[in-house]
Amino acid sequence: MKLFRKNSWEIWTDLLPLIAIAVCVLVVSVGFTTVSLHYNDSVTDISEDWLTSAGETVSLDELPHGELVLTRSLEGIDTDGMRLCFKSADSDISAAFDGVTTYTYEPRQAALLGKSSGMYIHMIRIPRGSCEVTLTVRPIYESVPVYIMDAAIEDAAKFMGDIYYHGLPGFSVCVIIALFGVLMLIIGIATHGTGDGTNVNFFSLGTFAILAGLWSANDTYIMQAVTQHPEVVRFVNYLCMMFIAYLPVSFMAHATNNRDTVMLPVLLGLTAVNFTLTMILSLLGVSDVRLMLPFSHVNIAISLVTTVWLMRKAVKKKTVDRSFMRTVHFSMGAAVVGVIIDLIRFAAAPDSPLGSSFATRIGVLIFVIGLGRYLMKERTRLAVERGRTELMKKLAYTDGLTGLANRAAFHEKEDELRSKRTPCIIVQLDINFLKKVNDVYGHAEGDRHIINAAAFISGSFEELGICYRTGGDEFIVVAEGAAPAEAGKALDRLSKKAADYNEKEKPPVPMQIASGYASFPGEADQLEAAEKLADDRMYERKREMKALSLKE
């Protein structure tokens, strides 16, 4: 009942878009199934009254195991222009009319696809004047009962129209689920490299949605009708079941900060073993994806138990916020409610035009969109926090007057140079006569003097390294990988910039910047020595420049 306590309206407000999407899809789908389809409406159901070779009467809806020869009379049925239409799964089928075989379906496919031929749509032409039809059905798997569904004498166009009529609403939901998964993958790729780990959740949820959409589309018959390759559709369906087990655990482990759980590598290993064995045994003709399906079911069961365990562990250790858990509970609840609705609806109306699992698909759609929306909100929150952190860091490591890196940033750079042992040139710089500018012409003029000096220094060394303001009139440049000659050329550019400034702007106190540099070879214990040597050379140059100014 946590959803209904104080302020619970917030989660319902957040989930309104999801509910609206689900309702729209449902309304459009139901509206589609009420549209009249204009075909020859003559349909004769022939699911009953079939005779076996032993003379027993059977129904096509409940056939026994093994190869069957089934015969049915067509007397009294208008077959003119009609076809014998039905659906089958994993069976070789031949049809004979009045003892003459006119149709044979015995697909042969690549060994990798296995023996399963999938769910096939048959529309068999009936010769004019036929009085009897005989179906010879040879199941591919002896342990699996023969599957023949929706057998009727009807117009082929109407039969195909009914397939789209019943399957398109559910298939549309499957497409939406898969497209949402693609969106999650795109967001995951876009957020890759941010360092916060949320892109893993987008990848896990996105891949799960795509696999769930492909898997649940199998029994709509739309993909079989469009591709005309039911064996490929069934193969992809089994592959989806094979790989889908790992994804909920990956998502929950990262979302609940349990990335070190041993179940992640365990499930990944089980999935890899399942896939490898299935492919090898299929190529050898020993087994195939259909016979290896129980291993996928075991992995899915392990995945569900592990996911629940990770949720309980996260709640107990408080490693995840309540908003996430509320979203998970609501989203999972929507999927469970969808399953329950379908079970009740199938018991009450097994021939519903929406199919047997439409509500389940809507539940899965709400599930993936609910978690996806939470991830996007969390991603936005983390981006804002990261931006705020970067701004605070920038303020902490930036000199407010010049915009250069400050002393704190330089100390961090020193630690980096020591740890990485990076050779560089250390350049020490100091503005001459800054105290005179401040005392005589005021601090505003002094600030202008400092800003111009900073611009000249950073402009002269911009291709070599980073300039730091380490004091009122003190600057340091760290030129990584630079040679002493390059530092000398940069200082020549600096002298020229100062001279041009003095000539054009004629400041009350001419701009003079003393400098000295020294090489740091990369030995951690020699950094201070290089800094001191550069500082000594700078002060020596400072004295020379002041002495020359007094003579002038």
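The values are calculated or read from the model by the stated rules, or taken from the named source; none is laboratory data. The model shown is predicted, which means the values in this text are computed figures rather than measured ones. So basically every Cβ, Gly included, is an ideal-geometry build from the backbone, and we count neighbours across all protein chains shown.
In the set (1) surrounded by 20 or more Cβ atoms within 10 Å (Cβ to Cβ); (2) polar (S, T, N, Q); (3) more than 29 Å from Tyr441 (Cα to Cα), the condition left unmet by Ser515 is number (3).
Every residue, every condition in (1) over 16 Å from Leu401 (Cα atoms); (2) touching a residue at least 24 places away in the same chain (Cβ under 8 Å); (3) in contact with a helix residue (DSSP H, G or I) (Cβ under 7 Å, 6 or more places away or on another chain), yes or no:
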{"residue": "Glu412", "(1), (2), (3)": "yes, no, no"}
{"residue": "Arg418", "(1), (2), (3)": "yes, yes, yes"}
{"residue": "Arg421", "(1), (2), (3)": "yes, yes, yes"}
{"residue": "Cys424", "(1), (2), (3)": "yes, yes, yes"}
{"residue": "Leu429", "(1), (2), (3)": "yes, yes, yes"}
{"residue": "Phe433", "(1), (2), (3)": "yes, yes, no"}
{"residue": "Glu445", "(1), (2), (3)": "no, yes, yes"}
{"residue": "Asn452", "(1), (2), (3)": "no, yes, yes"}
{"residue": "Ser458", "(1), (2), (3)": "no, yes, no"}
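Among the residues of region 143-165, those identified as outside any loop (DSSP other than H, G, I, E, B) and of a type in the set (A, V, I, L, M) are Ile148, Met149, Ala151, Ala152, Ile153, Ala156, Ala157, Met160, Ile163. Determine, yes or no, whether Ser458 is hydroxyl-bearing (Ser, Thr, Tyr), over 23 Å from Glu528 (Cβ atoms) and in the same structural domain as Ile513 (by TED's automatic domain parsing). Considered against the rule, which asks whether it is hydroxyl-bearing (Ser, Thr, Tyr), over 23 Å from Glu528 (Cβ atoms) and in the same structural domain as Ile513 (by TED's automatic domain parsing), Ser458 comes out as yes.
Restricting to region 208-228, and then to whatever is touching a Cys at 6+ places or on another chain (Cβ under 8 Å), part of a helix (DSSP H, G or I) and of a type in the set (A, V, I, L, M), can you tell me which residue is nearest to Ile362 (Cα to Cα)? Ranking the candidates gives Ala212 first.
Table: residues versus (1) surrounded by 18 or more Cβ atoms within 10 Å (Cβ to Cβ); (2) among the β-branched types (Val, Ile, Thr); (3) assigned to a strand (DSSP E or B).
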| site | (1), (2), (3) |
| --- | --- |
| Pro127 | no, no, no |
| Tyr141 | no, no, no |
| Gly167 | yes, no, no |
| Ala178 | yes, no, no |
| Ile189 | no, yes, no |
| Ser204 | yes, no, no |
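Could you tell me whether region 326-343 includes any residue that is buried (at least 17 other Cβ atoms within 10 Å of the Cβ) and without any contact (Cβ under 8 Å) to a residue 24 or more places away in the chain? Reasoning before the result, please.
At the first step, the residues of region 326-343 found to be buried (at least 17 other Cβ atoms within 10 Å of the Cβ) are 326-328, 330-332, 334-335, 338, 342.
From the residues that got through so far, the ones that are without any contact (Cβ under 8 Å) to a residue 24 or more places away in the chain too are 342.
For region 326-343, residues buried (at least 17 other Cβ atoms within 10 Å of the Cβ) and without any contact (Cβ under 8 Å) to a residue 24 or more places away in the chain: present.
Being closer than 29 Å to Glu378 by Cβ and small (Gly, Ala, Ser) is the filter; apply it to region 253-300 and report the residue that is modelled with the highest pLDDT. Among those residues, the one meeting the criterion is Ala253.
Can we say Arg469 is out of contact with any strand residue (DSSP E or B) (no Cβ under 6 Å at 6 or more places or on another chain) and either more than 17 Å from Glu505 (Cβ to Cβ) or of a type in the set (Lys, Arg) (or both)?
Working: out of contact with any strand residue (DSSP E or B) (no Cβ under 6 Å at 6 or more places or on another chain): no; either more than 17 Å from Glu505 (Cβ to Cβ) or of a type in the set (Lys, Arg) (or both): yes.
Answer is no for this residue.
Say we look at region 41-55 and pick out the residues that are among the small types (Gly, Ala, Ser) and in contact with a strand residue (DSSP E or B) (Cβ under 9 Å, 6 or more places away or on another chain); which of these is modelled with the highest pLDDT? Applying the filter and picking the extreme gives Ser47.
Scan region 49-68 for residues that are free of Cβ contacts under 8 Å to residues at least 40 places away in the same chain, surrounded by 11 or more Cβ atoms within 10 Å (Cβ to Cβ) and of a type in the set (Gly, Ala, Ser) and the total you get is 2. For region 387-410, indicate whether the set of residues that are more than 30 Å from Gly472 (Cβ to Cβ), touching a helix residue (DSSP H, G or I) at 6+ places or on another chain (Cβ under 9 Å) and not assigned by TED's automatic domain parsing to the domain that holds Ile210 is non-empty. No - not one qualifying residue is present in region 387-410. Residues in region 457-474 that are aromatic (Phe, Trp, Tyr) and surrounded by fewer than 21 Cβ atoms within 10 Å (Cβ to Cβ): there are none.
Return the pair list, or none, for Cβ contacts closer than 8 Å from residues in region 248-264 that are assigned to a loop (DSSP other than H, G, I, E, B) to residues that are surrounded by fewer than 19 Cβ atoms within 10 Å (Cβ to Cβ) and of a type in the set (Gly, Ala, Ser), at least 6 apart or on different chains. As it stands, the answer is Arg259/Gly197, since those pairs meet every condition given.
Yes or no: region 79-88 includes at least one residue that is closer than 13 Å to Ala152 by Cβ, at pLDDT below 90 and surrounded by 16 or more Cβ atoms within 10 Å (Cβ to Cβ). Outline the logic, then answer.
Of region 79-88, the ones closer than 13 Å to Ala152 by Cβ are 79, 82-87.
Applying the additional criterion that residues be at pLDDT below 90 yields 79.
Next cut, surrounded by 16 or more Cβ atoms within 10 Å (Cβ to Cβ) only: 79.
Yes, because at least one residue in region 79-88 is closer than 13 Å to Ala152 by Cβ, at pLDDT below 90 and surrounded by 16 or more Cβ atoms within 10 Å (Cβ to Cβ).
Residues that are part of a loop (DSSP other than H, G, I, E, B) and aliphatic (A, V, I, L, M) were ranked within region 381-437; the one that is surrounded by the fewest Cβ atoms within 10 Å (Cβ to Cβ) is Leu401. The test for being in contact with a helix residue (DSSP H, G or I) (Cβ under 7 Å, 6 or more places away or on another chain), under 20 Å from Leu211 (Cβ atoms), among the hydrophobic types (A, V, I, L, M, F, W, C) and surrounded by fewer than 19 Cβ atoms within 10 Å (Cβ to Cβ) does not hold for Phe251.
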